[in-house]
Amino acid sequence: MLRHLAISCLVAALALTGFSTIAAARTRPRYGGTLRVETSVDPWQRPNGLARRLVLDGLTSLDPDGTVRPALATDWESENANHRWQFHLRPGVHFHDGSPLTTIAVVASLNAACPSNCPWTTIHATGSAVIFTADGPTPNLPALLAGDDFLIALTISSDGKTPNGATGTGPFQVNGFNNGVLSLIANDTCWQGRPFVDSIEIRTRRSTSDQWLDLTAGRADVVEVPAEETRPARQQHLVIIASQPVELLALQISDSGPLANSNLRAAIAQAIDRNSLANVIFQKEGQVTAGLLPQSLSGYSFLFPGERDLAKAQQLRGGITPPPLSLRIESDSAMQLVGQRIALNLREAGFNAQINAPTSQRPDLALRRISIQTAEPAAVIEQILRAQDHPAPIDADPTAEYKAEREFLDRRTLVPLLYLPRAYALSPRVRDLQLRSDGSPDLADASLEAAP
């Protein structure tokens, strides 16, 4: 009887081992296949064009939690109170055309990508290191260099020729572009290791409805889900992955012309009903904010009240009736609705905002989407301020961060409205797809399930 029990236990153990092996095989990433992706925009646009981080790498990169880690640079150190930085290049890396990655190539790429208003004053190559210097301290440079604007592309090949297209060191290289489809193939010699899928096809300029139709029909694997469409997507039982709030929707206000008066700019800020934007247009997917940083990142966003105060707006206007204001917005439907609601809010406060009115000058008002590319608060504030032509290095200290944010917002040239997540819907065959800290999909690490 004991012998029979022992044999039964052995059989059960072997069965469990077999099942575990099968389960492991089913979950282990598989090599091969073509990942089919669709997008409504140019895949090369900055920031966050889907093709950019597939083909190009930066000196540094960010973990999903936003931590800075080495990429084309293996390590770095600062000197002279963060006025000088030295980044050591990873040896043995080559561009897709076979040209070696050199410090001279890195300097040429960064100079082409950032001809002015850079986080540095000078940049030069010294042996295997790239040297950045600045007139003031640049404590956030490693995090900023991980941003989309500073990815490294080959400008001149080793034989002195200009590349025909984007040539980088990333996990995929360009294979062609035909009929609105960008074809990328795996870089077998990538310094990070070969990606799992053999190729990626990115169909461009596709409307959301066409993307979803292709997904349900089995013609696409990864499609976009705009924030305002997240609830309908869930109701259709689409498989969705969504980020934390990573995109700031803000109203930019000109400080010249009819809005040179700071009280008028403050009145506009008080007149906007952020809650209606979040609840009605974005179906409660947006996070109301009056600060540059989301509460989850700063911890003090609540110190910037975002409630509408129409009486205060009218008081600040002080009986002044400015001429009609031009309000520039993007063409997508959600931004059109946001623009219309803001125009209505402003009309109630005594302003006349005309959407996309023809003008030969800078618009008085403009809706902006600002992508947050790091989880380091000081670096995010510096990124936003630099984009507003207000460069100001920020120390990684909550007091310094709050002070810099408060001083900038008091100018009333940028009015934060909402923080929005980024989301994507996936086909059942997609495995291991994660989102980066900026909410973009890390397609290079995705794999595909084998066909049944």
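The values are calculated or read from the model by the stated rules, or taken from the named source; none is laboratory data. Quick caveat, the model's predicted, so the values are computed rather than measured. Here the Cβ is made from the backbone with ideal geometry for all residues, glycine too, and neighbour counts use every protein chain on show. Just so you know, the surface numbers come from the protein's heavy atoms only, side chains and all, with ligands and any DNA or RNA stripped out. Shrake-Rupley method; radii C 1.70, N 1.55, O 1.52, S 1.80 Å.
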Computed ³J(HN,Hα) along segment 313-324: with the Karplus parameters 6.51/-1.76/1.60, θ = phi - 60°, integer Hz and x for glycine or proline, the list is 4, 5, 5, 5, 5, x, x, 6, 10, x, x, x
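Ignoring ligands, DNA and RNA, please state the percent of accessible area on segment 368-435 from carbon and sulfur, probe 1.4 Å.
Roughly 48 percent of what the probe reaches on segment 368-435 is carbon or sulfur.
For SER207 and ASP389, compute 0.36 nm times the residue count separating them, minus their Cα-Cα distance, and round to one decimal in nm.
62.2 nm
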The chain accessible area per residue, 1.4 Å probe, protein heavy atoms, integer Å², reads 46
Rounded to the nearest 10 Å², the accessible area of HIS124 using a 1.4 Å probe with every protein chain kept is 80
Scalar couplings 3J(HN,Hα) for segment 389-406 by Karplus 6.51 cos²θ - 1.76 cosθ + 1.60 (θ = phi - 60°), nearest whole Hz, x for Gly and Pro, are 6, 9, x, 7, x, 10, 6, 6, 9, x, 5, 5, 5, 4, 4, 5, 5, 4
Cα convex hull volume per residue for segment 88-140, in Å³, equals 93
Quick calc, PHE302 & GLN86: beta-carbon distance into FRET formula, R0 56 Å, rounding 0.05, result 0.90
Here segment 342-452 gives, from Cα atoms, an Rg and Dmax in Å of 20.0, 64
Per-residue ellipticity at 222 nm attributable to helices in the chain (runs of n ≥ 4 DSSP H, -39500 (n - 2.57) apiece, nearest 500 deg cm²/dmol) works out to -8000 deg cm²/dmol
Across the alpha-carbon set of segment 337-393, Rg over Rh with Rh taken as the Kirkwood radius works out to 1.11
Placing each pseudo-label 7 Å from Cα in the direction of the beta carbon, GLU348 and ARG231 end up separated by a distance in nanometres of 1.9
On the accessible surface of segment 35-107, probed at 1.4 Å with all protein chains in place, carbon and sulfur together account for a percent value of 50
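Using a simple charge model, +1 on the beta-carbon of Lys and Arg, -1 on the beta-carbon of Asp and Glu, nothing else, what dipole does segment 249-367 show about its Cα centre, in debye to the nearest 20?
160
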Rounded to two decimals, the Debye log10 I(q)/I(0) of segment 222-288 (Cα scatterers, no solvent) at q = 0.15, 0.17, 0.18 Å⁻¹ is -0.63, -0.73, -0.77
On each of the three principal axes the extent of the alpha-carbon atoms of segment 171-214, given in whole Å and largest first, is 37, 19, 12
Mean Cβ-within-10 Å packing, highest first, puts peptides 53-64, 398-409 in the order 53-64, 398-409
Sorting LEU303, ALA343, ALA392 by the position of each Cα along the dipole of segment 298-398 (Lys, Arg +1; Asp, Glu -1; all at Cβ), the one nearest the positive end of that ordering is ALA343
Cα pairs beyond 28 Å in the chain, in percent, come to 58
Here the Kirkwood hydrodynamic radius of segment 135-281, Cα-based and in Å, equals 20.6
Sorted largest first, the C-alpha extents of segment 235-325 along its principal axes in whole angstrom are 52, 30, 24
Expressed in nanometres to one decimal, the distance between label points 7 Å along Cα→Cβ at ASP188 and ALA400 is 4.9
A correct Karplus calculation of ³J(HN,Hα) over segment 325-341, with 6.51 cos²θ - 1.76 cosθ + 1.60, θ = phi - 60°, whole Hz and x for Gly and Pro, returns 9, 8, 10, 9, 9, 6, 8, 6, 4, 5, 5, 4, 5, 4, x, 5, 5
For LYS284, counting only aspartates and glutamates whose alpha-carbon sits under 20 Å away and dropping same-chain residues fewer than eight positions off, the answer is GLU224, GLU228, GLU229, GLU247, ASP273, GLU307, ASP332
